[in-house]
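The values are calculated or read from the model by the stated rules, or taken from the named source; none is laboratory data. Just so it is clear, the model here is predicted, and its values are computed rather than measured. Cβ placement follows ideal geometry from the backbone for every residue including glycine, while neighbour counts extend to all protein chains displayed. Just so you know, the surface numbers come from the protein's heavy atoms only, side chains and all, with ligands and any DNA or RNA stripped out. Shrake-Rupley method; radii C 1.70, N 1.55, O 1.52, S 1.80 Å.
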Amino acid sequence: MIWPPDPSVLYTRGQGCAELAELLSPSAKRVAGDLAEACLESRADLVVTRKPPGGFDLVSVAVPIDFQPTEIKAVVAAVAGGRHSELNVSIAEAIGGRLGVETLAATAYFTEAAKPDAQETLERVASGLPEISRLVIGADHPTEFIAKLPERSLLILGEPGGTLLSRLFFGPGARLKAKAPAGAVMIRYSPPRVFQQMSEPVFFGPLHHAGDSLRLHSSSLTAVVDNGVLVGVVRRSALEAAKPEVSVSELMEPPISILWDLRIDELDIDLVEGTDSIPVVDHSGRLIGAIRTGPLGG
C-alpha cells in the first residue's frame, strides 16, 4: 500500500487544508518555516496545501478544492491507471473511514470499446481494498461523470495532465471544470524517498575504544561520526578482532552513505530487514539517520 497505517501529514495555510489534514491524520502538523526541512523533520508522507508547490516533489501533495467536510456523504477516488490512482484510492479510503461514509473507486470510459480496459484498470488499482465499491461510468464530460456519483460526494483525483480522465476534469489554467457536490481533493503522487523510511542513526566517535564499542551497539556495520559529520564506518568483525584499547579511528573504513532525499526506486541496493544499516546524510555530510539493508560484505 502507498498510504501507511499511521501517516505523517503536514499542512499549510489555506481554506480546507487543516480540516483535510486532520481527517487524514489526527496528529497532522502545520508547517512552520521551510517546507523541505519540515518534511525531513517529520518524515512526512503527505503535505496538504492550498496549491501544488512549484518544483516540489519530496512528498505527495493534496490540494483541497471547494472542500466541504460537513457535506460529505460519500468519497469517490477517480481511477485512470496513472501514477496518482493508487494514492487516490488509499486517501479516499482513509477519509471515508474517518467520516464513516461510503467509499468508492470510480473510472470513466468514453466509448464502449474502452469499457473493458477501464474495468480492468479499476480492479487492478483497487485490488487490495475489497471493501471499496467499484463504479464504471460512461461519460464524455465532467458534469456527466459527477451526475452519476452518489449524492454529496467528495471527489479525489490526480493533478492535471497525464491521463484522459484527468484532462477531462481540468481545463486551461488547471481549473476544475465541474464542481463536485462536497468538493474535491487534487492529488500529486511522489515516489517514496530515503528520509521517509530511515530510522534513528547509531554511531561511534572516532576515539571510542573497540572494547567499549562492542558493548554499546550490536550492529554489524556502524557509522563513525566526528562533530556530527560522517567520517567512516566500522564493522563489528573488525572491533571483535582488535584489542579492546584500539580506537575506532584505526579500524574504520571510508564512509558509506545515502543522501536523505534520494528516491527509493533510484537506489542500487535492496532495502530489506537485514543486519546492516547504511548511514543517511544530508548534503553537508551530516549524519541524520540510517536505513536497513542486507549484508554489505566485508
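What spacing in nm lies between the two simple spin-label points modelled at D6 and K51, each 7 Å away from Cα in the Cβ direction?
Inter-label distance under the simple model: 3.7 nm.
Compute the signed sum of charges (Lys and Arg +1, Asp and Glu -1) over the other residues within less than 13 Å, Cβ to Cβ, of L262.
It works out to a net charge of -4.
What share of the DSSP beta bridges in the chain is antiparallel, in percent to the nearest 5?
About 45 percent, rounded to the nearest 5.
Using a 1.4 Å probe on the protein heavy atoms, what percent of the accessible area of the chain belongs to carbon and sulfur?
Carbon with sulfur: 49 percent of the solvent-accessible area.
Taking only protein heavy atoms and a 1.4 Å probe, what accessible area per residue, in Å², does the chain have with all protein chains in place?
The answer is 48 Å² per residue.
What is the magnitude of the charge dipole of the chain about its Cα centre, with +1 placed on the Cβ of each Lys and Arg, -1 on the Cβ of each Asp and Glu, and no other charges, expressed in debye to the nearest 20?
Computed about the Cα centre, the dipole is about 860 debye.
Looking only at L157, L287, L214, which one moves most when the chain is put into a Gaussian network model with springs between Cα atoms under 10 Å?
Largest GNM mean-square fluctuation: L214.
Highest mean first, what order results for 91-102, 26-37, 3-14 on Cβ atoms within 10 Å?
Sorting 91-102, 26-37, 3-14 by mean packing, highest first, produces 91-102, 3-14, 26-37.
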